[in-house]
Amino acid sequence: MGQIKSEQRIRNFKIAWIGTFMAGMAFSEAMPFLALYIMQISHFNQAQVSFYAGISYAASYLVVILVSPIWGKIADQHGRKPMLLRTAAGMGIVIILLSCVTNIWQIIILRLCQGLFDGYTPSVIALIAAETPLEERSVVISKLSPPDILLAG
C-alpha cells in the first residue's frame, strides 16, 4: 500500500483506535450477559441455558473460521477500508437486531450472521500496519490491541 502522509496516518490511527475501542466495549459488555438474556426470553432450565449460551457464543466463531480467508482475499483485491465499513455496519446491525429477539433460534441465527461481519480488529490492524513505517509499526499495533485499548485509554 505504501507510506502515506504522517497527519493522515495519525488521523487514521485515531479513528481506528476509537472504532476498536467501541467494538471491544460492545463485545465485552454484551457477551457476559448472553446466558441471562437467553434465560429471560425462554423457559429453559439451567443446563439448557448453559447449552444454548455455549452454542450461541460459539456460532459466530464457527462462521469466522470459514469466512475469514474469503474476506482477507476480498480486502487484498478491493482495499481494507471497505472491509472495515462492512464489519462495522454488519456488527452494528446484528447487535441492534439481537436486542429484538424473542427466541433462542433468532439469537443463534444472528450470532451466525455476526460471524459473517466479524473481524474488525484484525482488519484495523492490517490497515494501520500497511500505512505505518516499519520502525513505528510494533508500537502502533500494540496500541490497537484490545487489552491495551480497554486498559490504557
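The values are calculated or read from the model by the stated rules, or taken from the named source; none is laboratory data. On a predicted model such as this, the values are computed, not experimentally measured, just so you know. Cβ sites come from the backbone with ideal geometry, for glycine too, and all protein chains shown count toward neighbours.
Scanning the stretch 91-132 for residues that are closer than 19 Å to Val49 by Cβ, buried (at least 18 other Cβ atoms within 10 Å of the Cβ), touching a Ser or Thr at 6+ places or on another chain (Cβ under 8 Å) and not β-branched (Val, Ile, Thr) gives a single hit, Arg111.
Answer yes or no: is there a residue in the stretch 106-117 that is closer than 20 Å to Ala16 by Cβ and in contact (Cβ under 8 Å) with a residue 12 or more places away in the chain. So far as the stretch 106-117 goes, yes, one or more of its residues are closer than 20 Å to Ala16 by Cβ and in contact (Cβ under 8 Å) with a residue 12 or more places away in the chain. Pairing each residue of the stretch 32-52 that is surrounded by fewer than 12 Cβ atoms within 10 Å (Cβ to Cβ) with any residue that is part of a helix (DSSP H, G or I), provided the two are 6+ apart or on different chains, yields no C-beta distance under 6 Å.
Residues in the stretch 16-31 that are free of Cβ contacts under 8 Å to residues at least 60 places away in the same chain and surrounded by 12 or more Cβ atoms within 10 Å (Cβ to Cβ) were compared, and the one that is nearest to the chain's Cα centre (by Cα) is Phe27.
Please determine whether any residue of the stretch 2-20 is on the phi > 0 side of the Ramachandran plot and out of contact with any Asp or Glu (no Cβ under 6 Å at 6 or more places or on another chain).
As a first pass, look at the stretch 2-20 and keep what is on the phi > 0 side of the Ramachandran plot: 2.
So of that shortlist, the ones also out of contact with any Asp or Glu (no Cβ under 6 Å at 6 or more places or on another chain) come out as 2.
Yes, there is a match, as at least one residue in the stretch 2-20 is on the phi > 0 side of the Ramachandran plot and out of contact with any Asp or Glu (no Cβ under 6 Å at 6 or more places or on another chain).
Which of the following residues is of a type in the set (S, T, N, Q), under 12 Å from the mean Cα position of the chain (by Cα) and farther than 18 Å from Ile15 by Cα: Ser60, Ser56? Working first, answer last.
Working: Ser56 fails: under 12 Å from the mean Cα position of the chain (by Cα).
Going through Ser60, Ser56 in turn, the sole match is Ser60.
Being modelled with pLDDT under 85, within 21 Å of Arg9 (Cα to Cα) and hydrophobic (A, V, I, L, M, F, W, C) is a property that Ile128 lacks.
List the helices (runs of 4 or more DSSP H) inside the stretch 1-98, counting only whole elements, that have at least 1 residues being under 30 Å from Thr132 (Cβ atoms).
On the way: elements: 6-30, 34-41, 46-78, 80-98.
Result: 6-30, 46-78, 80-98.
Would you call Leu116 over 20 Å from Arg9 (Cβ atoms), hydrophobic (A, V, I, L, M, F, W, C) and either part of a helix (DSSP H, G or I) or touching a Cys at 6+ places or on another chain (Cβ under 7 Å) (or both)? Lay out the reasoning, then the answer.
Working: over 20 Å from Arg9 (Cβ atoms): yes; hydrophobic (A, V, I, L, M, F, W, C): yes; either part of a helix (DSSP H, G or I) or touching a Cys at 6+ places or on another chain (Cβ under 7 Å) (or both): yes.
Answer is yes for this residue.
Out of everything in the stretch 53-90 that is more than 13 Å from Asp118 (Cβ to Cβ) and touching a residue at least 40 places away in the same chain (Cβ under 8 Å), what residue ends up being surrounded by the most Cβ atoms within 10 Å (Cβ to Cβ)?
Only one residue fits best here, namely Ser56.
Does Leu62 satisfy being more than 30 Å from Met39 (Cβ to Cβ) and either modelled with pLDDT of 85 or more or in contact with a helix residue (DSSP H, G or I) (Cβ under 8 Å, 6 or more places away or on another chain) (or both)? So that I can check it myself, show each step before the final result.
Values: more than 30 Å from Met39 (Cβ to Cβ): no; either modelled with pLDDT of 85 or more or in contact with a helix residue (DSSP H, G or I) (Cβ under 8 Å, 6 or more places away or on another chain) (or both): yes.
When the stated conditions are applied, Leu62 does not pass them.
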